[in-house]
Amino acid sequence: MCGLNGVWAITLLKDKLRKIIFLRSLKTRIFLILLLVGLIPCVSMRYAILQNYERRAVNIRTSDITAQLRILANHLITYHYLQDTASEVINAELSQLSGLYDGRVMIINSDLRIVKDTYGISENKTIISEEVVRCIKGESDSKYDRDNGYIEMTIPIIETLAAGGSGAGGGAGAREAVRGVMLVSASTDSIMATMDTLSRQALIIEVIVMLAILVCSVLAAKVLIHPFEKITEALDQAQEGYTDDPISVTDCIETEHIGDAFNRVLGRMKVLDDSRQEFVSNVSHELKTPITSMKVLADSLLAQNDVPVEVYQDFMADITAEIEREDKIINDLLSLVKMDRTAADMNVAEVDINVLVELIMRRLRPIAQKRDVELVYESLRPVTAAVDEVKITLVISNLVENAIKYNKEHGWVKVTLDADHQFFTLTVADSGIGIPEDAVDQIYERFYRVDKSRSREIGGTGLGLSIARNAIMMHRGSIRVESRIDEGTTFTVKIPLSYIPA
Ligand SMILES: Nc1ncnc2c1ncn2[C@@H]1O[C@H](COP(=O)(O)OP(=O)(O)OP(=O)(O)O)[C@@H](O)[C@H]1O
Ligand SMILES: [Mg+2]
């Protein structure tokens, strides 16, 4: 629960941060990153230097005091101070020591009684502390209390005894006996004061470095962003004037890539725009042609008086043919427009493809017979597929119609249907005039016809293959063509057996 809340809070924070406009600016980000990169080492270096100084200063202070205390311990034994604290020499040494380190020295005898306290408040009291007891056993100790600002140390007062009993001269068999303990608290105020001074100096240096980084990061952000500002300017200019001039900002590789990508988009937009314009002019031209013919026919009838009925009938037949042509163009255009829309218009159902092909072949057979073209259908296996029947009908009929139209006398058209576990394949092969190699890539374009005069004579508008290809694409299928001039053409269409929605 807590974890989820945490994630939710972070997401909310991220959203909020993203909404802060200035964080979305690349310039600000670069500036902040540089600032952080400069600041982090600066602050951590100050921290590390101060820490190091403190450790070293405390160590030096501790070893200094230890050395002094060891000398003092010897004097204490020599002057029998533990038994009698009247020695002025030792008392002077003790007060000098406590003055020097701004601290307190306590001399404790082996009965744990305080024989001397430089503060004069605990004399003759018994002290039972862990450190003192350990020290009586010969273990010296030192402890740094940072919060209260002092170092506490315990040093054993050791008497060296000659072998075989007390007496002068240690020699080879000498042994040592702990006679008491010195407990010292030395102030570390002077160390802290030095540290404060150091810290203040470091802070001043830090502020100066920070200001330098600030200035550098502002400059760096400006320099780094400059090429992007240039490219924005170039894009704005391109948009305002809609110029065809390619954008080129060669300041850095990134802006060059952006410029190239934009030029590619611009190029594609231009191609689309050109093809749209071409399409509109083609549509107007194609729609106008039958109307112009009809007008010419009607005008010539009107211009003559007493026209024989046969001529009337002849002209009217021509006018009807033109109306049919106009009707076909409009229907084809409507099919294309429908297919340009989304796949939402797909009306998918299980269709027996064999039955469908046979039906289309039966419909087209009279046209084939009229042109003396033999129509053959070979089905290699039964095929049912989930397709839009109307659209697939358009595909098959357009291909077979073309194969008949662009054929030769006594020619043939062979339609073959086959399938595997994924696709069904329809091939439409003919013995016709073939498609020139340089035209193969264009045959799917709207209104494209290889031989315009011939197509017009036969009655084509150049929309059939473009309709067929759109319908195939909507089924996520493919269309391929192989052709040889004067030998024939084979179109191969592959459509998935199950419909794959977008
Ligand atoms: N089987 C074929 N053999 C030779 N040329 C072909 C064949 N199929 C198509 N073409 C060529 O490709 C062009 C485009 O074909 P498409 O079917 O798109 O238009 P069309 O047949 O001229 O007119 P529409 O089909 O709209 O009535 C045709 O004009 C023709 O030149
Ligand atoms: Mg056609």
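The values are calculated or read from the model by the stated rules, or taken from the named source; none is laboratory data. What you see is a predicted model, and the numbers here were worked out from it, not measured in a lab. Cβ: placed from backbone, ideal geometry, glycine included. Neighbour counts: every protein chain shown. Heavy atoms of the whole protein, side chains included, go into the accessibility calculation; ligands, DNA and RNA do not. Shrake-Rupley method; radii C 1.70, N 1.55, O 1.52, S 1.80 Å.
Computed from the C-beta positions of ARG381 and GLN277 and an R0 of 45 Å, the FRET efficiency is 0.45 to the nearest 0.05. Report note on the peptides 304-317, 422-435: ranked by the mean count of other C-beta atoms within 10 Å, highest first, their order is 422-435, 304-317. When each of the peptides 190-202, 326-338 is scored by how many other beta carbons lie within 10 Å of its residues on average, the order from highest to lowest is 326-338, 190-202. Against the main long axis of the alpha-carbon atoms of the chain, helix 2-19 sits at an angle near 70°. When peptides 488-500, 350-362 are ranked by their average number of other Cβ atoms within 10 Å per residue, the highest-first order is 488-500, 350-362.
Rolling a 1.4 Å probe over the protein heavy atoms gives the range 197-246 an accessible area of 72 Å² per residue.
Counting only protein heavy atoms, what percent of the accessible surface of the chain is carbon or sulfur at a 1.4 Å probe?
Numbers: 17320 of 30430 Å².
Heavy-atom surface of the chain belonging to carbon and sulfur, 1.4 Å probe: 57 percent.
Of the GluC sites (Glu not before Pro) found in the range 380-484, the ones in coil according to DSSP and having at most 13 other Cβ atoms within 10 Å of their Cβ are GLU409. Accessible area per residue for the range 427-502 is 49 Å², calculated with a 1.4 Å probe on protein heavy atoms, without ligands, DNA or RNA. Helix 26-78 sits at what angle to the longest principal axis of the chain, using alpha carbons and giving 0 to 90 degrees rounded to 10? It works out to around 20 degrees.
Please compute the length gained on full extension between CYS252 and LEU334, using 0.36 nm multiplied by the number of residues separating them and subtracting their Cα-Cα distance.
Fully extending the segment from CYS252 to LEU334 adds 24.6 nm.
Computed FRET efficiency, Cβ-Cβ of LYS370 and ARG268, R0 56 Å: what is it to the nearest 0.05?
E between LYS370 and ARG268, to the nearest 0.05, is 0.80.
Probing with 1.4 Å while keeping every protein chain in the model, the per residue accessible area of the range 253-320 equals 72 Å². Legend: residue pairs LYS414/LYS452; LYS408/LYS452; LYS222/LYS270; LYS405/LYS452; LYS370/LYS414, Cα-Cα distance threshold 23 Å; pairs beyond threshold, LYS414/LYS452; LYS222/LYS270. Helix 353-370: angle to the longest alpha-carbon principal axis of the chain, degrees 0 to 90, nearest 10? That helix lies at roughly 40 degrees to the long axis.
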